[in-house]
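The values are calculated or read from the model by the stated rules, or taken from the named source; none is laboratory data. What you see is a predicted model, and the numbers here were worked out from it, not measured in a lab. Cβ sites come from the backbone with ideal geometry, for glycine too, and all protein chains shown count toward neighbours. What goes into the accessible areas is simple: the full protein's heavy atoms, side chains included, and nothing from ligands, DNA or RNA. Shrake-Rupley method; radii C 1.70, N 1.55, O 1.52, S 1.80 Å.
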Amino acid sequence: KGHHFQLPMNSEKLYVMRRPGIVRSLVNHDQIKELAKSNNFLPLLLEEMSVLDQIKYFYYAKKIVGLHGGGLIHTFLSKSDQLIEFASHHLNTSLLDTCHVCGIKYGYLLNPNMINGAKWEPVQSQMYFPPSLADYAFNK
């Protein structure tokens, strides 16, 4: 009751993060977060927000970049025309399918440190995501 929600000025480009130390999080979380901010992306930790506020952020977003996870499913509620997800060595096509149905351009970046003969790690592992690859996503 009486809750007033106001979007920050730079809320058209979202970077959806995962809390450091949990499954599928980044070991270089702070570095990628700062890179997102330097490219005018608003970093969001969805687990710290109400579902209603999450939906509001996604609704007004035009570009969304983030780690693969359930939070990105809100993309179907958005005005976004582009979603780019970071994935380990395994691609789950659920977001591809969602974007296709909603007319949203979809892209993904697989972690090169976990493919082509590199040490295999379970999908649930934390990972290092190359800053140059993240920068490509923020600027694509």
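For the stretch 86-128, enumerate the residues that are at pLDDT 80 or above, open to solvent by less than 50 Å² (accessible area, probe 1.4 Å) and assigned to a helix (DSSP H, G or I).
The answer is LEU95, THR98, CYS99.
Given the options LYS13, LYS63, LYS56, name the one that is surrounded by 15 or more Cβ atoms within 10 Å (Cβ to Cβ), of a type in the set (D, E, K, R) and out of contact with any strand residue (DSSP E or B) (no Cβ under 9 Å at 6 or more places or on another chain).
LYS56
Applying the selection to the stretch 23-57, what residues are without any contact (Cβ under 8 Å) to a residue 24 or more places away in the chain and assigned to a loop (DSSP other than H, G, I, E, B)?
Within the stretch 23-57, MET49, SER50 qualify.
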